[in-house]
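Some notes on the structure that comes next.
The values are calculated or read from the model by the stated rules, or taken from the named source; none is laboratory data. Small disclaimer: the values here were computed from a predicted structure and weren't measured. Cβ: placed from backbone, ideal geometry, glycine included. Neighbour counts: every protein chain shown.
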Amino acid sequence: MNEQRLFVCWILFGCLFSFQYDWIECLRNAISHSNLFRAAEDLCYWFCMFWEAFYLLHFVGNGTVRWFMIMGLALGMIFYRKIAHSVVIYLGTGLISLIFLPIKWLNRVIRFLCAQMLVCKKRKEVQYGQKKSRISKETTE
């Protein structure tokens, strides 16, 4: 493969790497995460990107690291961020939110039902406690 084609391939790989990270960002926007979970996501992402880049360097670049490969990767990431990042984040977050909407709705229904069961249980305990106190008053008199 000649150097121009390889440079264009690495630009596309840079766009692909940024696109993959954008989906992680979409997931974070749609579902709240703790800082620890975010750090774990980032660690997994960069570990996977390392192996993906290693694989591409080995098979596409014949195992040699050339300056234009790294430059193409960086340019691809920059181009993607400037051109498509905000659109992908907006649409991706909307899509993930739409997918998780039934799960969020089901979660709210289950929480509501559990809260109602807890209220009913407390009412029965209070009623039982009042009956018990009436019985104890009658027996003492």
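Miscellaneous remarks
- Residue match in the stretch 80-102 (condition: surrounded by 13 or more Cβ atoms within 10 Å (Cβ to Cβ) and within 22 Å of Asn2 (Cβ to Cβ)): no
- Remark: pairs (first residue in the stretch 100-118, in contact (Cβ under 8 Å) with a residue 24 or more places away in the chain; second residue exposed (fewer than 10 other Cβ atoms within 10 Å of the Cβ) and of a type outside the set (Ser, Thr, Tyr); Cβ separation under 6 Å; 6+ apart in sequence or on different chains) are absent.
- Scanning the stretch 47-65 for residues that are exposed (fewer than 12 other Cβ atoms within 10 Å of the Cβ) and part of a helix (DSSP H, G or I) gives Phe47, Phe50, Trp51, Phe54, Tyr55, His58, Phe59.
- Just one of the listed residues (Ile110, Ile96) is of a type in the set (Val, Ile, Thr), modelled with pLDDT of 90 or more and in a helix (DSSP H, G or I), namely Ile110.
Residues are listed down the side, and each one gets a yes or a no for (1) closer than 14 Å to Ala84 by Cα; (2) in contact with a Gly (Cβ under 7 Å, 6 or more places away or on another chain); (3) aliphatic (A, V, I, L, M):
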{"site": "Gln4", "(1), (2), (3)": "no, no, no"}
{"site": "Gly14", "(1), (2), (3)": "yes, yes, no"}
{"site": "Gln20", "(1), (2), (3)": "yes, no, no"}
{"site": "Cys26", "(1), (2), (3)": "yes, yes, no"}
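- Selection within the stretch 18-42: residues that are more than 19 Å from Met77 (Cβ to Cβ) and among the aliphatic types (A, V, I, L, M). The member of this set that is surrounded by the most Cβ atoms within 10 Å (Cβ to Cβ) is Ala30.
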